[in-house]
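The structure appears below as structure tokens.
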Amino acid sequence: MNDVNYVDGESTLSSKIMAAMSYMGILCMVPLIMHRNDPYVRFHARQGAILWVWEVVAIYTLMLPAIGKFFFKFSGFFCVTLSVIGIVAALLGRAWKFPWIGDWAEKL
């Protein structure tokens, strides 16, 4: 696991809740806008935004006749799994960088 330490000491409950909200689909925009100065929340919000974009793209792939359904099911499982991991990590005060997604999120 690739842990990134953005928190000096203990993070506040508000930061943890906002970071957890980052993994709930379009709600990732709330922490991104309201807590843009908090590096811990911003870290999780960026990863959540990448997951949300992936989910939207997966919905549009349903229009592809051959592989759309498979890609949608794979993406759904993948995104839900990472969202649950992200929510748990955020509530525990951890900043775990997801493979590939974390690299894309840093570029936001």
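Only the coordinates and a few stated rules stand behind these numbers; no lab work does. Source: prediction; values computed, not measured. Virtual Cβ from ideal backbone geometry, glycine too; neighbours counted across all protein chains shown.
Run a plain Debye calculation on the range 13-106 (Cα atoms as equal point scatterers, no solvent) and give log10 I(q)/I(0) at q = 0.15 Å⁻¹, rounded to two decimals, same order as the q list. So the normalised log intensities are -0.53.
Which of the DSSP-defined H helices in the chain satisfy a minimum axial length of 20 Å, computed from C-alpha atoms, and a minimum mean Kyte-Doolittle hydropathy of 1.6?
On the way: long enough: 39-60 (32 Å, 0.55); 68-91 (34 Å, 1.70).
For the chain, where a helix must reach 20 Å along its axis and average at least 1.6, the hits are 68-91.
A simple spin-label model places the labels of Phe74 and Ile33 3.4 nm from each other, with each point 7 Å out along Cα-to-Cβ.
Per residue of the chain, the DSSP helices (runs of n ≥ 4 H) give a summed -39500 (n - 2.57) that works out to -20000 deg cm²/dmol at 222 nm.
Which order do the peptides 24-31, 57-64 come out in when sorted by mean C-beta neighbours inside 10 angstrom, highest first?
Details: 24-31: 17.4, 57-64: 12.2.
Going from most to least packed, we get 24-31, 57-64.
If you take every residue apart from His35 with its C-beta less than 15 Å away from the C-beta of His35, what net charge results, scoring Lys and Arg +1 and Asp and Glu -1? Summing Lys and Arg as +1 and Asp and Glu as -1 gives +3. Within the same chain, lysines fewer than 8 places from Lys107 are excluded, and of the rest, those with a Cα less than 29 Å from its Cα are Lys16, Lys73, Lys97.
Going from the residue with the fewest nearby Cβ atoms within 10 Å to the one with the most, Ser14, Ser83, Ser22, Ser75 rank Ser14, Ser75, Ser83, Ser22. Distance between the C-alpha centres of the range 25-52 and the range 77-103: 12 Å, rounded to the whole angstrom. The charge dipole of the range 26-108, taken about its Cα centre with unit charges on the Cβ atoms of Lys, Arg (+1), Asp and Glu (-1) only, comes to about 40 debye.
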